[in-house]
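Novice: This is the structure I want to talk about, given as structure tokens.
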Amino acid sequence: LVWLLVLSLAWLGPGLGGQDKDEEVIEEEEKEKKEDEVLSDEIKEEDNVLVLHEHNFARALREHQLLLVEFYAPWCGHCQRLAPAFAQAATELRNESSPARLGKVDATAQTALATEFGITSYPTLKLFRDGNRTHPLEYTGRMDSRGIVLWMQRRAGPSATLLQDTDTTAAFINSQDLVAIGFFKDLKAEAAQAFFEVAAEMVELTFGVAEGAELFQAYGLSADTVCLFKKFDEKQTNFPVDPARGLDTAELMRLLRVHSLQLVMEFTNETSNQIFSAKIPHHMLLFLNKSSPEQLSLQDGFRAAAGGFRGEVRRPHGRDTEGGFGTPQAQCPPFPAQVLFVVVDVTGHGADVLPFFGMTAADAPTLRLVRMKNNRKYQMEQDDFSESAIRTFIQAVLDGKVKPRLLSAEPPEDWDTRPVKVLVGKTFEQVAFDETKNVFVKFYAPWCPHCQAMEAAWEELAERYKDREDIVIAEMDSTANELENITIHGYPTLHYFPAGPGRKMVEYKSTRDVETFSKFLENGGTLPEEPP
């Protein structure tokens, strides 16, 4: 039996060893095959999206006149949500035989490409035209399939329809509620080319272009002019091109966005994107219950006041009025800053925004003015819905004569008994500005997933320092509380207020974990330098 066992091992041993060697060879071959695939410039596709890496990127640029590339991270939630829309847009463009194609690069794996194109956030989309690798264009469209398709179609051209006679032009104007037409005596001139750039960028608006003398005459024009035709408010708004300065693309886009809006907008699901994308610096809001005839009648004075505030924003170094692009300010009469007038139905879509103002439906009718750059809200001492009162109030806010109305919740009874101190607007200063304490504050929104993810770490940090007299760990719900001199733009935001006179607030921007928080506190509000 022993000999049989020895002989069996002797016979089987080489076979078993050979099998191990065969498996090693197969694994090695598969590894080499994968490496060859990575090193190859072959371009594979996933759902009509080109899969790009550093070895096939140059080939993709050579083969595709217009290539929109998404630089993504596999773990990024925004990238994951964009993926289906990006694939759908790629399929639509390919089905219509467009010269535009979409590609994607895993920026976490293709670090050389990420570095070359300065990728610092995900997803980042860049357009490469005619193989130009050094000056890609940043994507500025909507992050949905329709927005991507429209944006690419405008860049594939033409971005504006050529109008050659009065009948065609009239039909073009009547085809939409809103169209922009550039009237240029020379379509190859610099101003006309700038207009085509604007048309390529503003995909939400339909553009035409004309150069015939009969068309200039038909629409009462004598010089190069961009006209906005509307089926509401004033039917035609003209923006003459300054012959000396030419056409400022950024200014024209701003004017078109502003004047594409109705004089008084109603806040609905359909109009909300228009209202905010116009980037008008002040919003005057009339909150009312549309089921009440008495409250509906308040719109008359509101609308009458709106006409006086549709002019352009005052600019300290600016120069222009609605009349054109580039008129020196010294030659311009005074004009009011821009204010967008919006009606908000507290029983409709507007019900969702009431908490932002600390209001309920029972507070209607009422007026609020919002300064958009910092979300400061202003309120009349006593609501007066007459045209003159509304005008006077708005001008007083613009002149800095009215203080903002700041939201503040009531402090909970146990706000200072737990390790994490709960701050509200009315108690913030007495805690955060206490010169004997180092105060570390988390500004959060209850619905924010990033805030929820770091909640346990913040509690643990507070527990660790609860016996330190000189350190306070606190939090404030920024959706229910506002501060006069601190504006929170994103959640969570972490600010550190060091002890001592003349203290300066420090924003924490590092990793959100207990150990890094602790190093930051122990080092007096900075993170120690790590050895190389």
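Novice: Could you list, in sequence order, the residues of region 215-254 that are in a loop (DSSP other than H, G, I, E, B), over 28 Å from Arg303 (Cα atoms) and within 29 Å of the chain's Cα centre (by Cα)?
Specialist: Listed by number, the residues that qualify are Leu247, Asp248.
Novice: Which residue out of Glu475, Glu429, Glu435 is at pLDDT 90 or above, closer than 19 Å to Lys504 by Cα and assigned to a loop (DSSP other than H, G, I, E, B)?
Specialist: Among Glu475, Glu429, Glu435, only Glu435 is at pLDDT 90 or above, closer than 19 Å to Lys504 by Cα and assigned to a loop (DSSP other than H, G, I, E, B).
Novice: I'd like the full set of residues that are within 14 Å of Gly525 (Cβ to Cβ) and at pLDDT 90 or above, limited to region 498-513.
Specialist: Pro498, Ala499, Met505, Val506, Glu507, Tyr508, Lys509, Ser510
Novice: If you don't mind, there's one more thing I want to ask. For residues in region 197-214 being over 19 Å from Asp186 (Cα atoms) and outside any helix (DSSP H, G or I), which is most open to solvent (accessible area, probe 1.4 Å)?
Specialist: Only one residue tops the list, namely Glu204.
Novice: Within region 392-413, track down each residue that is outside any loop (DSSP other than H, G, I, E, B) and open to solvent by 80 Å² or more (accessible area, probe 1.4 Å). Can you show your working first?
Specialist: Our first condition is that a residue be outside any loop (DSSP other than H, G, I, E, B); within region 392-413, this holds for 392-398.
The answer is Thr392, and nothing else.
Novice: Return the residues of region 112-169 that are surrounded by fewer than 19 Cβ atoms within 10 Å (Cβ to Cβ), among the aliphatic types (A, V, I, L, M) and farther than 26 Å from Val209 by Cβ; say none if nothing qualifies.
Specialist: Ala112, Leu113, Met143
Novice: Go through Phe309, Phe267 for me and flag whichever is closer than 30 Å to Phe207 by Cβ and in contact with a Pro (Cβ under 8 Å, 6 or more places away or on another chain).
Specialist: Phe309
Novice: Please go through region 220-229 and give me each residue that is surrounded by fewer than 18 Cβ atoms within 10 Å (Cβ to Cβ) and more than 20 Å from Gln193 (Cβ to Cβ), ordered by number.
Specialist: Once the filter is applied, which keeps residues that are surrounded by fewer than 18 Cβ atoms within 10 Å (Cβ to Cβ) and more than 20 Å from Gln193 (Cβ to Cβ), region 220-229 yields Gly220, Ser222.
Novice: Select from region 414-435 the residues that are open to solvent by 50 Å² or more (accessible area, probe 1.4 Å) and polar (S, T, N, Q) and write down the one among them that is farthest from Glu455 (Cα to Cα).
Specialist: Gln430
Novice: Could you please give the count of residues in region 104-138 that are without any contact (Cβ under 8 Å) to a residue 60 or more places away in the chain and in a strand (DSSP E or B)?
Specialist: Number of matching residues: 8.
Novice: Continuing with this model, one more query. Restricting attention to region 471-483, does a residue exist that is farther than 21 Å from Thr417 by Cα and either surrounded by fewer than 15 Cβ atoms within 10 Å (Cβ to Cβ) or over 33 Å from the mean Cα position of the chain (by Cα) (or both)?
Specialist: no
Novice: Among the residues of region 170-190, write down those that are without any contact (Cβ under 8 Å) to a residue 40 or more places away in the chain and buried (at least 17 other Cβ atoms within 10 Å of the Cβ).
Specialist: The one that is without any contact (Cβ under 8 Å) to a residue 40 or more places away in the chain and buried (at least 17 other Cβ atoms within 10 Å of the Cβ): Phe172.
Novice: Can you find even one residue in region 420-433 that is in contact with a Lys or Arg (Cβ under 9 Å, 6 or more places away or on another chain), touching a residue at least 24 places away in the same chain (Cβ under 8 Å), assigned by the TED database to the domain that holds Ser292 and of a type in the set (Phe, Trp, Tyr)?
Specialist: Looking for residues that are in contact with a Lys or Arg (Cβ under 9 Å, 6 or more places away or on another chain), touching a residue at least 24 places away in the same chain (Cβ under 8 Å), assigned by the TED database to the domain that holds Ser292 and of a type in the set (Phe, Trp, Tyr), one finds none in region 420-433, hence no.
The values are calculated or read from the model by the stated rules, or taken from the named source; none is laboratory data. Every value quoted in this text rests on a predicted model; they were computed, and no experiment measured them. Counting neighbours? That spans all protein chains shown, and the Cβs are built from the backbone with ideal geometry, glycine included. We work out accessible area using only protein heavy atoms, side chains counted, and drop any ligands, DNA or RNA first. Shrake-Rupley method; radii C 1.70, N 1.55, O 1.52, S 1.80 Å.
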